[in-house]
1. Give me the strands (runs of 3 or more DSSP E) completely within the range 48-136, filtered to those with at least 3 residues that are touching a Pro at 6+ places or on another chain (Cβ under 7 Å) and open to solvent by less than 20 Å² (accessible area, probe 1.4 Å), ordered by residue number.
2. Which condition from (1) of a type in the set (Gly, Ala, Ser); (2) part of a helix (DSSP H, G or I); (3) at pLDDT below 95 is the one that ALA12 breaks?
3. Out of all the residues in the range 31-62, which are within 11 Å of ILE21 (Cβ to Cβ) and of a type in the set (Gly, Ala, Ser)?
4. Just for the range 6-36: of the residues that are exposed (fewer than 15 other Cβ atoms within 10 Å of the Cβ) and out of contact with any strand residue (DSSP E or B) (no Cβ under 8 Å at 6 or more places or on another chain), which one is farthest from PHE80 (Cα to Cα)?
Amino acid sequence: MTWQDAKAAAQAKTLEIVALIPAGDVVAVDQHETGTLFSCDDRRHRWTGITYVTLVPGADAEATTRKVEARVADLFSDEFEVANYRGITDEYVATVDSPMTGEGYLFGEDEPGTISIDSWSVCFTLPEGMYPGGSF
């Protein structure tokens, strides 16, 4: 798998997660076009990026996150685990990730009225000599 394929797959799955939010609750979706590469191990990397979903004024981001969490497992195979926790600022955060492939998604309230979705692609090997720094 190329980094481009890994990125495209992660961004597509992120939009599937966004689609779990009722359309009437969404004002805007901002999927950042570029991301970065992080190491999976000493040979492989994964692409990581972010998407912001702006909710209508007055929407409850935690309730929306919980609704998405309840349905997100349907988008993934059994190798993925769904969990949740309270973040450092006490915001409710849900995760879905695969310990086998490194692919994962983290979503919850970012700024008030905004849900952020961090995505990590499956792990892949870069072509020899390709520098993993910068934007991808």
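1. Values: elements: 81-86, 92-97, 104-109, 114-120.
Qualifying strands (runs of 3 or more DSSP E): none found.
2. Condition not satisfied by ALA12: (3).
3. ALA59, ALA61
4. Applying the filter and picking the extreme gives GLY24.
The values are calculated or read from the model by the stated rules, or taken from the named source; none is laboratory data. In this text the structure is predicted, and so the values were computed from the model without any measurement. Cβ coordinates were reconstructed from backbone atoms using ideal geometry, including for glycine residues, and neighbour counts include every protein chain displayed. To get the accessible areas, we keep the full protein, side chains included, count just its heavy atoms, and leave off ligands, DNA and RNA. Shrake-Rupley method; radii C 1.70, N 1.55, O 1.52, S 1.80 Å.
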